[in-house]
1. Of all residues in region 51-79, count the ones that are in contact (Cβ under 8 Å) with a residue 24 or more places away in the chain, near the ligand (Cβ under 10 Å from one of its atoms) and either in contact with a strand residue (DSSP E or B) (Cβ under 7 Å, 6 or more places away or on another chain) or of a type outside the set (S, T, N, Q) (or both).
2. Of all residues in region 42-74, count the ones that are surrounded by 13 or more Cβ atoms within 10 Å (Cβ to Cβ) and among the basic types (Lys, Arg).
3. Keeping to region 65-98, report how many residues are in contact with a helix residue (DSSP H, G or I) (Cβ under 8 Å, 6 or more places away or on another chain), of a type outside the set (Val, Ile, Thr) and not in a helix (DSSP H, G or I).
Amino acid sequence: MKNLTKSVIIFSILGILIYGCKQDVPKPTKAKELTANKIHTKYCSRCHSLSFYSSSDRKVKSLDSLVTRIGTCNSKIGLDMSEEEITKVANFLGKDYYKF
Ligand code: HEC
């Protein structure tokens, strides 16, 4: 009997957690609906064009520091991209421009 009560409580808590999480799915932001390339055109290219990332002026040397640097620009311009969006842009720039 005790075990049954325990199971009921555990399943109720799990149910609440799962239901709660479903309720908690973040609404897509504007940046999330765009491809990395479009995010860049819309929010980033007013300061540096895509060609900057394949020029000799670039400083970033690894995918990790690319993520960090995009994070810095992201907060500097108040864009508020999620980690997922930052990674998406980093993967795009890393693959097509930095060639990591
Ligand atoms: C208000 C202007 C501004 C905007 C908008 C901006 N950045 Fe930057 N970004 C800078 C400046 C300034 C630097 C430093 C340039 C330097 O080191 O000479 C920089 C550097 C970078 C670098 C490092 C390049 C390298 O290899 O040296 C990356 C990557 C980058 N930005 C990505 C982004 C992305 C992605 C966005 C859009 C989400 C963005 N930036 C938006 C100003 C901006």
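1. The total comes to 7.
2. 3
3. 4
Every read-out reported here was derived from the displayed coordinates using simple, explicitly stated rules and does not represent laboratory data. Remember, predicted model here, so these are calculated numbers, not experimental data. Note that each Cβ is placed from the backbone with ideal geometry, even for glycine, and that neighbours are counted across all protein chains shown.
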